[in-house]
Ligand SMILES: Cc1cc2nc3c(=O)[nH]c(=O)nc-3n(C[C@H](O)[C@H](O)[C@H](O)COP(=O)(O)OP(=O)(O)OC[C@H]3O[C@@H](n4cnc5c(N)ncnc54)[C@H](O)[C@@H]3O)c2cc1C
């Protein structure tokens, strides 16, 4: 056994072996994998082997596509068959909302390049002759389906063996019966991994330990939010109808998914495998995998399965004529949002996670591909935020993760509405004024564990969302909030913002190298600044305000607390010249904005608020009402005259009440997150995480004014120089979409030129309530970015005409902001 390697992968399931394979493929061959028992002994050996390309996430969709493409090539490369049955994949719809979901997905699939077809009920019958199209009694009619001709199912153990062969052929080593029992940092900055067979020193370690993720994490002091849930499938005996169909020359039937009944069905040795995602499936091993479990399974729970068995039997009557051979009930790792954890561990150098896989057979190829890229190149090749382990924070307590994972499991097949807000594990984190907002009719959503008011139901209006892909019950009320902000004065509670304090003699120079903009040189100035990847992509967005000579206040997205915090901590100089403090919980934030905001704030402070004393894009430390030490930033994300008030948290109640008292005469009111979406869209403001990602540079995002190429070195500068020389391939645009009656763009819609070629994608969209226009923002090939250019956008399967607008279609000269 080697005692020193560059990378040590811990865990020999399909995910770990794929990571090893891809590292070797990238040319790092001084690598090894250790497995506590034998390869595939975790969840991999009993997986059903399905490879669904369908996924609503742009990132996960790309990972799955890569896997499916790779698995087709592996046998030729390695000489190991993987039993990939490209039988296709058929997802049924029995209602309009389900078809909306499929059409929404088609937009994402188009932008990724995944082939699919939307087909009719008659075509379903042609493809799947043993199906009952329904329409009578308890079996609803099929109204259409989504068909992927390119995926199917594979033998998970064979796949793992093919990856193993490919890795070993390139020099990687694999040691079975070798369990990692402890991790220590060496004085030289490497990792010492203890095993009974001896220690292994590694520069990097990758944890791919499946159901053991929490225990392995604990050995390193990490609370990994991955807890398995029971998942079962039934194996049926031979099916006479299926035998007859195949003997009659019928091709292998596509994997069938009746989403509205929450099950999948596929052929298996002339019989069937039926896998439901049931209600009531419990989370397991929250405190670790007990010794007795090993390679075993849980007893089957037929009661839980029965409703799905009955539904499937109604849809496929052939099931009635074959007996049940076996029930496989195994642990399937889950995370609170159902996506895996792929990327760096927080707080620890050179520790990488590839954990939390619930579709690990499907995702193994893609996750190994991108993680290897990340380790070897220092950053991934595609935007990975949707699967980055740091998208979760310290709030993922055991009970939270258990509740959320059980919820995610039972919702695998429910319709994924874009405005969906699931109830479990809530409320967890609340702003101090939660009760006050509740009293004002808040309809809550959740992000990063925080409760956020999406909109406010006026008295007499039902306080709930009717989730939809189209305009819904809250449309009119959100519109009223938008107009309140534009015409009078509104308050948004943005307490969840991530807030850091950067201090010390080295603070300015350090920040300056991290971001592309110039850090403000004068006290009271602020700068919107972007930290870039080496490839020039946008990693983070910070608003940096200079509070004092050696004191900067750094604000970023609420959901980026761990993501940005980890980045900042890891980038700190070792010489102690920079102090960094996460003060997210110590300060609250109210946005006070609208034409009357100055009059409201003036009643609470002696600080002059006129344009000369307090110009746009400046900040002052003020008193407001009874609150002291309030950072008042004359900036906001809604494009109105106004201030962001960042106050010591203990003043939340008194400041809130004072604002509403002072604003009464001006008709002040609360504004929610959905109105903010409409307001920011009208101003072409890009949102970090959806519009600003590592996939695009600030030049492509048309943020050139926030990039100072001549200020000195910063991460990403060389990539930007190259891009400027070669020509910026894409440009950010704002689009007006024509002819929309009820389905506005929401992001991830493909854009087409006049000739019907795909030329870009929308990254966000919403209805602009003041402009009375359906709006989208996104990226398009540079030559098509001029205002007036005519494009088409596909929304829920329909092509709509769209026109590129001048940036910031509402108040393009910012007259209201500067008022
Ligand atoms: C019933 C069922 C059906 C499924 N069907 C599908 C499907 O059709 N399609 C699909 O994509 N997914 C499916 N899955 C999910 C899939 O099985 C998993 O996502 C996948 O196997 C995860 O692979 P992994 O490598 O992450 O974990 P695992 O396969 O669990 O491997 C982790 C390995 O790490 C080892 N290990 C743990 N701790 C240590 C340590 N300290 N030192 C050394 N080694 C360690 C373990 O022994 C284990 O071998 C199914 C799951 C279940 C339960």
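Taken together, the values in this text are just the output of simple stated rules run on the coordinates, not laboratory data. Quick caveat, the model's predicted, so the values are computed rather than measured. Please note: Cβ atoms are built from the backbone with ideal geometry, for glycine as well, and neighbour counts cover all protein chains shown.
Overview of values
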quantity: The chain, helix-only ellipticity at 222 nm - DSSP H runs n ≥ 4, -39,500 (n - 2.57), divided by all residues, nearest 500; calculated: -8000 deg cm²/dmol
quantity: Compactness index (Cα Rg / 2.2 N^0.38 Å), region 396-489; calculated: 1.21
quantity: 10 °C / 1.306 mPa s Stokes-Einstein diffusion coefficient of region 197-246, Kirkwood radius on C-alpha pairs, µm²/s; calculated: 104 µm²/s
quantity: Rg and Dmax of region 166-320, Cα atoms only, in Å; calculated: 22.1, 69
quantity: Footprinting exposure proxy for 342, 142, 112 (fewest neighbouring C-beta atoms within 10 Å first); calculated: 112, 142, 342
quantity: Angle in degrees between helix 717-726 and the longest Cα principal axis of the chain, rounded to the nearest 10; calculated: 80 degrees
quantity: Cα pair count fraction exceeding 21 Å, expressed as % - region 649-739; calculated: 57 percent
quantity: Debye-sum result for region 45-204 in log10 I(q)/I(0), which assumes one identical scatterer on each alpha carbon, at q = 0.14 Å⁻¹; calculated: -0.87
quantity: Rg/Rg_globular for region 686-742, with Rg_globular taken as 2.2 N^0.38 Å and Rg from C-alpha atoms; calculated: 1.41
quantity: Ratio Rg/Rh, restricted to region 510-612 and using Cα atoms, in which Rh is the Kirkwood radius; calculated: 1.02
quantity: Alpha-carbon gyration tensor eigenvalues x 5, square-rooted, for region 47-140, Å; calculated: 29, 19, 10
quantity: Residue exposure sequence - 752, 552 - by fewest surrounding Cβ within 10 Å; calculated: 752, 552
quantity: Region 779-819 - Rg and Dmax from Cα coordinates, angstrom; calculated: 13.7, 43
quantity: Spin-label model distance (nm) - residue 118 vs residue 480, 7 Å beyond Cα toward Cβ; calculated: 3.4 nm
quantity: Degrees separating the helix 14-25 axis from the principal Cα axis of the chain, which is the longest one; calculated: 80 degrees
quantity: Rounded to 10°, Cα long-axis angle of helix 360-377 versus longest principal axis of the chain; calculated: 50 degrees
quantity: FRET efficiency, residue 657 to residue 629 (Cβ-Cβ, R0 30 Å, nearest 0.05); calculated: 0.95
quantity: Region 266-359 - convex hull of the alpha-carbon atoms, volume per residue in Å³; calculated: 161 Å³
quantity: Stretch gain in nm, segment residue 819-residue 30, where the contour uses 0.36 nm per residue and the Cα spacing is subtracted; calculated: 277.8 nm
quantity: Size of the chain as Cα extents on the principal axes (Å, biggest first); calculated: 84, 68, 52
quantity: Region 569-609 - Kirkwood radius from inverse mean 1/r over Cα pairs (Å); calculated: 14.1 Å
quantity: Likely footprinting exposure, 73, 165, fewest C-beta neighbours within 10 Å first; calculated: 73, 165
quantity: Two-site label geometry, residue 1 and residue 186: point separation in nm, points 7 Å out along Cα→Cβ; calculated: 1.6 nm
quantity: Cut-off 13 Å, label 7 Å out along Cα→Cβ of residue 141, residues of region 78-100 by amide N; calculated: 94-96
quantity: Scaled radius of gyration (Cα, divided by 2.2 N^0.38 Å) that region 436-492 gives; calculated: 1.15
quantity: Per residue Cα convex hull volume in Å³ - calculated over region 660-812; calculated: 149 Å³
quantity: Region 64-109 - Rg and Dmax from Cα coordinates, angstrom; calculated: 15.4, 46
quantity: Coordinate range along principal axes, alpha carbons of region 1-92, Å, largest first; calculated: 52, 29, 27
quantity: Region 333-425: Rg to Rh, with Rh as the Kirkwood radius over Cα pairs; calculated: 0.99
quantity: Hull shadow area, averaged, region 477-561 [alpha-carbon convex hull, nm²]; calculated: 7.4 nm²
quantity: Spherically averaged projected area of region 558-678 from its Cα convex hull (nm²); calculated: 9.0 nm²
